[in-house]
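Data block below; observations after.
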Amino acid sequence: MNNGATAEGSNIQKGGLQSVAGIATNSDVAGVQNVSGTVINTNINGGGQAIYGSGTAINTTLSNGGQQYLLGTATDTTVNNGSHQQVQTGGIARNTTVNGGWQQVLSGGSSEDAVINRGGLQSVNAEGSARNTTLNAGHHKRWQGI
């Protein structure tokens, strides 16, 4: 998808690839979605989503081992059982809800207003940032480094 293009209701099967430089809404992804534009209302069902520095993801749900690699900005992400959000250098995750999955904040990454529910894990490496995290029943939070 070129810059300025719009896609609605894409279904990316396992082994498939979607590169988004424009706007994609209501996508189901079992393959890979690479984002330098904006994606809204995305279900990552066992697939992978990479949000690059210029990219934005809004209202993403990760399920069945889904992965989100974040160098841009993600807002309102839900990380369900067995799934993983990795916030890399320069990445910002806002309002992430972790339900039995894992939010990993690496050095130079930032998490704001996360909610960690039963069975969920938030780990924050040295030089990573986690602000205003809410830890509910069964939570686990681990800080690494100094």
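The values are calculated or read from the model by the stated rules, or taken from the named source; none is laboratory data. All figures in this text were calculated on a predicted structure; none of them were measured in a lab. Ideal geometry is used to build each Cβ from the backbone, glycine not excepted, and the neighbour counts take in all protein chains shown.
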Next item on the list: Considering each residue of segment 126-141, count those that are within 19 Å of Gln88 (Cα to Cα), touching a Leu at 6+ places or on another chain (Cβ under 9 Å) and buried (at least 17 other Cβ atoms within 10 Å of the Cβ), and give that number.
Entry: 1
Item checked: Among the residues listed as Gly91, Gly120, the single one being surrounded by 24 or more Cβ atoms within 10 Å (Cβ to Cβ) and modelled with pLDDT under 95 -> Gly120
Check: Under 6 Å by Cβ, and 6 or more places apart or on different chains, what pairs join a residue from segment 94-120 that is among the hydrophobic types (A, V, I, L, M, F, W, C) with one that is assigned to a loop (DSSP other than H, G, I, E, B) and at pLDDT 95 or above?
Finding: Leu106/Gln88; Ala114/Thr96
Check: Under 8 Å by Cβ, and 6 or more places apart or on different chains, what pairs join a residue from segment 1-17 that is charged (D, E, K, R) with one that is at pLDDT 90 or above?
Finding: Glu8/Ala24; Glu8/Thr25; Glu8/Asn26; Lys14/Ala30; Lys14/Gly31; Lys14/Gly46; Lys14/Gly47
Next item on the list: Scan segment 10-22 and give yes if some residue there is under 20 Å from Asp76 (Cβ atoms) and at pLDDT 95 or above, otherwise no.
Entry: yes
Next item on the list: Scan segment 90-111 for residues that are under 15 Å from Thr60 (Cα atoms) and in a strand (DSSP E or B) and jot them down.
Entry: Ile92, Ala93, Arg94, Thr97, Val98, Asn99, Trp102, Gln103
Check: Listed residues Thr75, Thr97, Thr25, Thr56; which is over 12 Å from the mean Cα position of the chain (by Cα) and either at pLDDT 95 or above or hydrophobic (A, V, I, L, M, F, W, C) (or both)?
Finding: Thr25
Note to self: So, Val35, is that one in contact with a Gly (Cβ under 6 Å, 6 or more places away or on another chain) and within 26 Å of Asn125 (Cβ to Cβ) or not?
What the structure shows: yes
Next item on the list: Please list, ordered by first then second residue, the pairs with beta carbon atoms under 6 Å, 6 or more apart or interchain, first in segment 57-85 and at negative phi and surrounded by fewer than 19 Cβ atoms within 10 Å (Cβ to Cβ), second assigned to a strand (DSSP E or B) and aromatic (Phe, Trp, Tyr).
Entry: His84/Trp102
Notebook entry, point to check: Between residues in segment 19-37 that are over 15 Å from Gly9 (Cα atoms) and residues that are modelled with pLDDT of 95 or more and among the aromatic types (Phe, Trp, Tyr), which pairs lie under 8 Å by C-beta distance while being six or more apart or on different chains?
Noted result: Asn34/Tyr52; Val35/Tyr52; Ser36/Tyr52
Notebook entry, point to check: Which of the residues that make up segment 47-56 are free of Cβ contacts under 8 Å to residues at least 24 places away in the same chain and either in contact with a Leu (Cβ under 7 Å, 6 or more places away or on another chain) or of a type outside the set (A, V, I, L, M, F, W, C) (or both)?
Noted result: Gly48, Gln49, Tyr52, Ser54, Thr56
